[in-house]
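Participant: What follows is a single structure, and I will ask about it in a moment.
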Amino acid sequence: MPVPAAWRDYYLREWTAFILLRCVLVSAVFAWSGRTSPDVAATAEYAFYGSLIGLAIALVRLAAFRCPRCGRVYSVRLGAWPHGDRKPSSRHCLNCWLPKWADPRRVPGEVLDESDDW
Ligand SMILES: [Zn+2]
């Protein structure tokens, strides 16, 4: 199933965070494992701090992603809970309950069947 165009930005933000997380972990191993030369360890330490800052920025950008249907922040909800007994989930917009990766042009009733709670 192809990803709707509105979700490509989210996909890019998610992968950026994953790649930077891997950079943080790999550079930490090179910096502090004690198995590399001091020059490599010093360079890896700089890479660690740089990728750590990049990861923090990427995570903030990922958390600030706006829902392609309602335009509000996808994973943050302020105010009363309008979805009855549904539990908050990272798989749905907390404002309009659009499932992740669903086509935002479809009406909410059409996507309701494919987004049953688990
Ligand atoms: Zn929404």
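The values are calculated or read from the model by the stated rules, or taken from the named source; none is laboratory data. Computed from a prediction, not measured in an experiment: that's the story for all the values here. As a convention, Cβ positions derive from the backbone with ideal geometry for all residues, glycine included, and neighbour counts pool all protein chains shown.
Each row is one residue, and each column tells you yes or no for (1) of a type in the set (Gly, Ala, Ser); (2) exposed (fewer than 15 other Cβ atoms within 10 Å of the Cβ).
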| position | (1), (2) |
| --- | --- |
| Val26 | no, yes |
| Trp32 | no, yes |
| Asp39 | no, yes |
| Phe48 | no, no |
| Gly54 | yes, no |
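Participant: Moving on to the next point. Of (1) in contact with a Leu (Cβ under 6 Å, 6 or more places away or on another chain); (2) touching a residue at least 60 places away in the same chain (Cβ under 8 Å), Ala58 satisfies all except one. Which?
Facilitator: (2)
Participant: Across the range 31-55, what is the number of residues that are under 22 Å from the mean Cα position of the chain (by Cα) and free of Cβ contacts under 8 Å to residues at least 24 places away in the same chain?
Facilitator: 3
Participant: When Arg61 is evaluated against the numbered criteria (1) of a type in the set (Lys, Arg); (2) assigned to a loop (DSSP other than H, G, I, E, B); (3) within 16 Å of the chain's Cα centre (by Cα), which criterion, by number, is the only one it fails?
Facilitator: Evaluating Arg61 over (1) of a type in the set (Lys, Arg); (2) assigned to a loop (DSSP other than H, G, I, E, B); (3) within 16 Å of the chain's Cα centre (by Cα) leaves (2) as the failure.
Participant: When the residues of the range 66-90 are narrowed to those that are modelled with pLDDT of 90 or more and surrounded by fewer than 17 Cβ atoms within 10 Å (Cβ to Cβ), which ends up nearest to the ligand (Cβ to nearest atom)?
Facilitator: Cys70
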